[in-house]
Ligand SMILES: NC(=O)c1ccc[n+]([C@@H]2O[C@H](COP(=O)([O-])OP(=O)(O)OC[C@H]3O[C@@H](n4cnc5c(N)ncnc54)[C@H](O)[C@@H]3O)[C@@H](O)[C@H]2O)c1
Ligand SMILES: [Zn+2]
Ligand SMILES: [Zn+2]
């Protein structure tokens, strides 16, 4: 079928919204009609050419929510009409990692996904007979996409697609970092560095875990205001003396849990050093630039601080994304403030511009 899609033709160039061909779903695959899709930094990062593993041409987009249109042979977990959230981090439920409660990093289709292929090593996207690769296994900047069944989370039909799509990436990452990865304990003191989609999700996750004090640190007053709305008890403007301030306000010990959601290695270091002596846990969710490293003085670790990373918030997508979406439906996570702009697919490049200007948290592409 012919679809409209935002194609990354060349790194550093605006996306080209144009007509491409999408083939029928094969065994284990699903045709999804997109209803909404968030515009995320990872899309822009890849479009810029800064990501060494990027490829072109490809259809970008990975924060999608849509309706199942048609299923390929053997697909049993979703049916036409279901509302689904797309998962760049799939869950096959069978591999060694899926069977372990310790990780969400499914091994099933990693290699082919990293190459921009569907699991059988081919693409369903093409133009004039030349294949176009699938980005992150999702390619949701398009009115339709074909995805593996194991990369779709079936969520409540009551969810609004433009709200549900945020659970495809940043929001689940932040919520999950607090709930799954750190497993924040009730009454504890938390510090969240960064109040973008990920950091705000972490603030909400700390609140849901009943943290006693939630300090959010960012450079933007507007974003700190949003953090208060998600449950931050204290909001501070970031800077070089933040670690000192955390220590001062915690009787010299540091915070029980710290979260890094900026992607800046110097802030990651602050997050490590703000964690409490004895048991403080620093969870890193930000993605640093190519080749950057994190400096940690080993003494911080010997004296009981721990550092861990969190990909997609440790969320096992097919099982847990529906639960996280339910939190929003139950009124426990306020998603409205995150949807800053609604744009059409044709305006996707404007979505990038808004993001560059840090105008709002998310631009969401609405289809139809
Ligand atoms: N781990 C994952 O699976 C995953 C998923 C999605 C995004 N990410 C990464 O998480 C990070 C955050 O994503 P986002 O969408 O929230 O980004 P964002 O750019 O919207 O938010 C980052 C925030 O950090 C703030 N900041 C900058 N310097 C600071 C400082 N010195 N102190 C405190 N705050 C500072 C900015 O003002 C901004 O509000 C990015 O690196 C992104 O690539 C990771
Ligand atoms: Zn994303
Ligand atoms: Zn798996």
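Key figures
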read-out	value
Crossing angle, helix 221-230 versus the chain [Cα axis fit, 0-90 degrees, rounded to tens]	90 degrees
Label-point gap, in nm, between residue 107 and residue 237 - each point 7 angstrom along Cα→Cβ	5.0 nm
Global geometry of the stretch 279-368, whether rounded, prolate or oblate, following the gyration tensor of its Cα atoms and the 1.5 cut on a/c	oblate
Label-reachable residues, the stretch 33-66, where backbone N falls under 18 Å from a point 7 Å from residue 368's Cα toward its Cβ	33-38, 64-66
Protection proxy ranking of 297-306, 78-87 - average other beta-carbon atoms within 10 Å, highest first	78-87, 297-306
Label-point separation in nm, residue 222 to residue 131, each point 7 Å along Cα→Cβ	4.3 nm
Estimated distance in nm for a label pair at residue 277 and residue 344, the labels positioned 7 Å out from Cα along Cα-to-Cβ	6.1 nm
For the stretch 161-176 and the stretch 266-343, distance of Cα centres in Å	14 Å
Degrees separating the helix 197-208 axis from the principal Cα axis of the chain, which is the longest one	60 degrees
Alpha-carbon centroids, the stretch 242-263 and the stretch 77-136: separation in whole Å	38 Å
C-alpha long axis of helix 317-329 to longest principal axis of the chain, angle in °	70 degrees
Over the chain: helical MRE at 222 nm, DSSP H runs n ≥ 4 each giving -39500 (n - 2.57), nearest 500	-7000 deg cm²/dmol
Spin-label zone in the stretch 267-307 - amide nitrogen under 17 Å from a point set 7 Å from the Cα of residue 185 along the C-beta vector	275-283, 304-307
Rounded, prolate or oblate (a/c below 1.5 giving rounded, otherwise prolate when a/b exceeds b/c) for the chain by Cα gyration tensor	prolate
By average C-beta atoms within 10 angstrom, highest first, the peptides 41-48, 159-166, 340-347	159-166, 41-48, 340-347
The stretch 191-309 shape via C-alpha gyration tensor axes, a/c threshold 1.5	oblate
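FYI, it's all coordinate maths here, none of it is from the lab. Since we're looking at a predicted model, the values are computed, not measured. Cβ atoms come from the backbone with ideal geometry, glycine included; neighbour counts cover every protein chain shown.
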